[in-house]
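The values are calculated or read from the model by the stated rules, or taken from the named source; none is laboratory data. Every value quoted in this text rests on a predicted model; they were computed, and no experiment measured them. Here Cβ is always computed from backbone atoms with ideal geometry, including for glycine, and neighbour counts include all displayed protein chains.
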Amino acid sequence: MKTIFVFKSILLLIWIFNPNHSRAQLNAFSNLYRPGSKLYVHALQGLSLRANPDLKAQSIMIIPLGAEVEVMPDSKSKVAITNSNIQGIWAKVKYGTNTGYMFDGYLSRYHANSSKSDLLSYLKLLYKVKLDVKNPVSEFQSEWQIEFTNGVVYTAGVTYKEGGEEIIDAEGAVFPTAVITFQELYLIARLTYQLSLNGKECPIDPLS
């Protein structure tokens, strides 16, 4: 049976749920890693490793999409920065034999979707499936729900065509805030839906 993902509707792309959260909490990514932590580059064209925590500082090299960097101890004060409407700080990291500073707004604790897989395939790479069910809505349609062991829930609409072909025409995923930050979700969406977004603002909204 062949399954085709057709993103006709991304009204609910990725949601975060937590009854007590605030936008400030969603942007606390820099508080979640420590020296020794492994982070991954989510910038499509790679991310500059700079000699100092400054956009005008010498670029030592460009770290490619999907690369792993290690957070290093840093005695310097954290410097906030906004780049392409993404907020973050300068993080001191090591890549191979090179040590420098990277803008953490394009870093994540999760491996990047560098193969540009569809959302479900990417989630299955990150998490273990707990429950996978398709509830019939009609003879030709079903609602698909997949629950992962960490509380992430993927949902999609499925339309059945002749010959057993399945068309996925809408999908979404719900993430507990204990699992991932708003920033990390935004980075996942930028890579997974880059053709659909076409450089526009990513349609991710937290529940209030």
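Points worth noting:
- Residue within the range 104-119 that is surrounded by 15 or more Cβ atoms within 10 Å (Cβ to Cβ), under 15 Å from Tyr33 (Cβ atoms) and more than 13 Å from the chain's Cα centre (by Cα) present: yes
- Tally of residues being part of a strand (DSSP E or B), among the charged types (D, E, K, R) and touching a residue at least 60 places away in the same chain (Cβ under 8 Å) across the range 141-173: 3
- If you go through the range 134-153 and keep only what is under 16 Å from Val174 (Cα atoms) and surrounded by fewer than 17 Cβ atoms within 10 Å (Cβ to Cβ), you end up with Glu143, Gln145, Thr149, Asn150, Gly151.
- Of residues in the range 154-166 being loosely packed, with under 12 Cβ neighbours inside 10 Å and not small (Gly, Ala, Ser), the one modelled with the lowest pLDDT: Glu162
- Qualifying position, being surrounded by fewer than 19 Cβ atoms within 10 Å (Cβ to Cβ), among the small types (Gly, Ala, Ser) and within 26 Å of Val179 (Cα to Cα), among Ala51, Ala80, Ala43: Ala80
- The criterion of at least 2 residues that are of a type in the set (S, T, N, Q) and modelled with pLDDT under 95 is met, among strands (runs of 3 or more DSSP E) falling completely within the range 1-111, by 3-9, 80-83.
- Total residues in the range 156-178 satisfying the condition of being closer than 23 Å to Tyr127 by Cβ and more than 15 Å from the chain's Cα centre (by Cα): the figure is 7.
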